[in-house]
1. With every protein chain in place, what's the accessible area of C:TYR323 (1.4 Å probe, Å², nearest 10)?
2. Over the whole of C:15-22, what's the average partner chain Cβ count within 10 Å per residue? Rounded to a whole number, please.
3. Give me, ordered by chain and number, the residues 5 or more places off C:GLN200 or on other chains with an amide H under 5 Å from its own placed amide H.
4. Determine the shielding of peptide B:27-38 by partner chains: average, over its residues, the number of Cβ atoms on other chains within 10 angstrom of each Cβ.
5. Could the peptides C:275-286, C:75-86, C:156-167 be put in order, highest first, of the mean number of other beta-carbon atoms found within 10 Å of their residues?
6. Expressed as a whole number of Å, what is the distance separating the alpha-carbon centroids of the stretch C:199-242 and the stretch C:155-181?
7. Averaged over peptide C:194-204, how many Cβ atoms belonging to another chain are found within 10 Å of each residue's Cβ?
8. Under a plain spin-label model, where a point goes 7 Å from the Cα along Cα-to-Cβ, how far apart in nm are B:PHE13 and C:VAL57?
Amino acid sequence: MAVEVQYYVLLSMALFSIGLFGILTRRNALLFLMSVELMLNAANINLIAFAFYHGNLTGQVFALFTMALAAAEVAIGLGILLVLYRNFRDVDVTVPTTMRW
Amino acid sequence: MIYEQIAFALFAFITLASALGVVLLREPWHSALMLGVALLSIAVHFVMQAAEFVAMMQVLVYVGGVLILITFAVMLTEREDATDDTETNADEVVQT
Amino acid sequence: MAIFELPGWTALAPAVLLAATALALFVIDSISPTTTNRGLLAGTATAGSLAALGVAVWFVLAGVGTPTIDGGRGVIDVLGNQFVVDQLALFFMIVITVVTALVTVASYDYMEGHAYQAEYYSLVLLAATGMATMAAANSLVTIFIALELSSLPSYALVAILKDNRGSVEGGMKYFLIGALSSAIFLYGISLVYGATGHLQLETIADVIGNGDANDYGGLLGLGILMLIGGFAYKTASVPFHFWAPEAYEGAPAPISAFLSSASKAAGFVIAFRVFTEAFPVARTASVIGVDWTVAFIVLAVVTMTLGNFAAATQENVKRMLAYSSIGHAGYALIGLAGISADGGALVMGAAMMHLLVYGFMNTGAFLFVALAEYWGVGRTFEDYNGLARQAPVACFALGICLFSLAGIPPLGGFWSKYFLYTSALDAGLLVVAAALVVNSALSLYYYSRLIKAVWIEDPVVERDSLSQPIGLYAALVVAAVMTVALLPMFGPVADTAVNAATAVLT
Amino acid sequence: MTTKPRLRVGRVLLPGVLAVGLFGLMALIVLNTSFGGSQGFPESIAITSELGYAMFGLEELQSTAGSIPNTESFLAAFFLIAVVLDAALDGAIVLAKREEEGKPVVALPSQRDDPDTTRSATGRETAADGGSDSTGSVTATGSDADSAADSTTAGSGTDDTGGDA
């Protein structure tokens, strides 16, 4: 028999926590972006595992849409990052402090 | 089938280890590489859950598209010297 | 009422019109990429949003979404129930399109000389499309994608002044918090899917209702908690509020108006729809063991208090308005806090009314800031001193908007807050009602401070006479006039809101 | 890139504890949930084609005998995501394009004397902390020297705030 679903959920939760940890600790905006990708992938693991568990394909199709959205988000994010780099010469999220955080 | 459990454990370990690598490695470039490993091993999990098509898309879209884009941005925004990170880190430690 | 019967998908016409206008702007942009014909671009954008507004109003009057027993045409499902057009959707589509029209008119002057005219307007309309589809989305899939559709152009819009460090910084923070919260929201969706096996709101409610989800109470609760996080981001309420001051302050002022009015309303409509349709209070409480309205009571009180106290300490006008917009999100959250009580529909209707009135008065206030930025007078309260001497009309309009925001009778803001207050009392939310009163009193302090600066104080530096940009003036005056003109219509409109709330609650 | 991988430690204790705590909490919830066995998908059905039917809402094509039940139609989401990708394209173009004198340019930049010729830049710069005169205030965070070096080397390539050309 296949691996039970709760192990996949545990795996995805661990991945989610790691992504959150990365967001809390890293100051490089690129690393922030990568950590968000990890969290999105954690959600995808959940969706796929639950699709298998419930025996319907809703989760799988939604995971496909999630990938497209993640790609779109990264495109916009990198655009903002480039503008940020041009203005501040850095992609450190703590450097821009023209306003209070 | 014990093989499936072994495969799951192995790839779960790879996924988590490379995810930790993403958040812990100092160089953004290394992190991007580890992200690629993590994404590929997640694709293996997808295959084990009967989602072959999604796994394929994971490889094509994520690894082939998003990761390349991120790597590109890493190269574009790279700081000239890598010692800076250490310096500011030390600075931070002193402050806190 | 209509002579001929339209096909079902046309019920989404407001959103489709907005998207079509955005695409038309793409075409204009690709035909002449360097066009400086601001009139054409702003005119197209405004015409598109006004057309969408007209269609939405027409649908309401024609009875789309009104239950058939009341002589209406019933709720219309589109594309396999992924979208639903009911009174709630149409009400918020009206709010969104009104704000979009005001913002595009104001941008005619504000974006003068800017390099990305066509892109700017198409991004505004794409974001508006996303918000309008959020109003109609009826499945967690479409909700999530529509949320992204409204977010992605907003990130670009906030950072569109690429040489301005404040704008870029605001855009970055908006994007980072947005990416984080959309990841959390998606994880919440995946957990809800895990607990119920569905993503379509009614089927989720069915699964919860017939007890199939009883084993997964923990997962469902965690998922709902994460969904609340996503809504909090979109509505700029605690705990994901801290992007708001930065993004609103850094963004071009019309965009601040757009985000703080339309985007917030769109966030509330999905919150209303998801929590009333997918997670019926009583059934969900028996599965997860907690009544989720408690979370909203806490969030409402904390959000309004934090927003108003932070606003009271600001020196920067735009930032003050940003914090006050967080405070108003707290008022609107009362609508979700009171759902479980008997008068739940009244509370939710009152919150919808408040969002409608807020759409006008808050847009007006931010557009005055846009006007000040256009003049280049500076950003703090002192910089605004004595503006009324040069621009009495604009300052009068500002006065109306601010007094309405503060809730001074007999303006629109007073009635919607009063309505909220009485319905919250009826629903037994004493703490929330008390917090509403205290915060309104506090907000009067900082709003009147701005009015005093503009009307009473002497200017710190002598200014030349100020220009009167026609677009900004028109949008500002219309916003103020509508804040007043809502008064005679308040009763019927409020009835519509309460009917819409009743329809989704039952 | 030639440096060997190094781990970052320090300054991560509190977030680390937080993340582990969050994981513990979520794991507790999962371990207390009793999952049954997975239903899985019937062997005889091509999942990829079912995915396609679901994505385009072709319900009559979804294989009837022993089909995969309860899959929703994603046609609406499909339309919507087309618009999303449009928006992403538009936004990315706006942000990544470079401009000089208020006009987008494609070539590598040349020197610029007055950065404030665009209307969008003037009038607002006053309050935005030092405006566009480049790296001055940024580098106050303790890395003056190397940022300055950075901007002289990289400045010729990507700078468009113009101050350090």
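The values are calculated or read from the model by the stated rules, or taken from the named source; none is laboratory data. Fair warning: this is a prediction, and the values are worked out from it, not measured in the lab. Note: ideal-geometry Cβ built from the backbone for every residue, glycine included; neighbour counts use all protein chains shown. What goes into the accessible areas is simple: the full protein's heavy atoms, side chains included, and nothing from ligands, DNA or RNA. Shrake-Rupley method; radii C 1.70, N 1.55, O 1.52, S 1.80 Å.
1. About 40 Å², ignoring ligands and nucleic acids.
2. Details: counts 2, 1, 0, 1, 6, 0, 0, 4.
Counting Cβ atoms of other protein chains within 10 Å of each residue's Cβ and averaging gives 2.
3. Distant-sequence amide H within range of C:GLN200: C:LEU140.
4. 4
5. Most protected by this proxy first, the peptides run C:156-167, C:75-86, C:275-286.
6. What the calculation gives is 28 Å, centre to centre.
7. Average per residue, whole number: 5.
8. Taking the two extended label points, one gets 6.8 nm.
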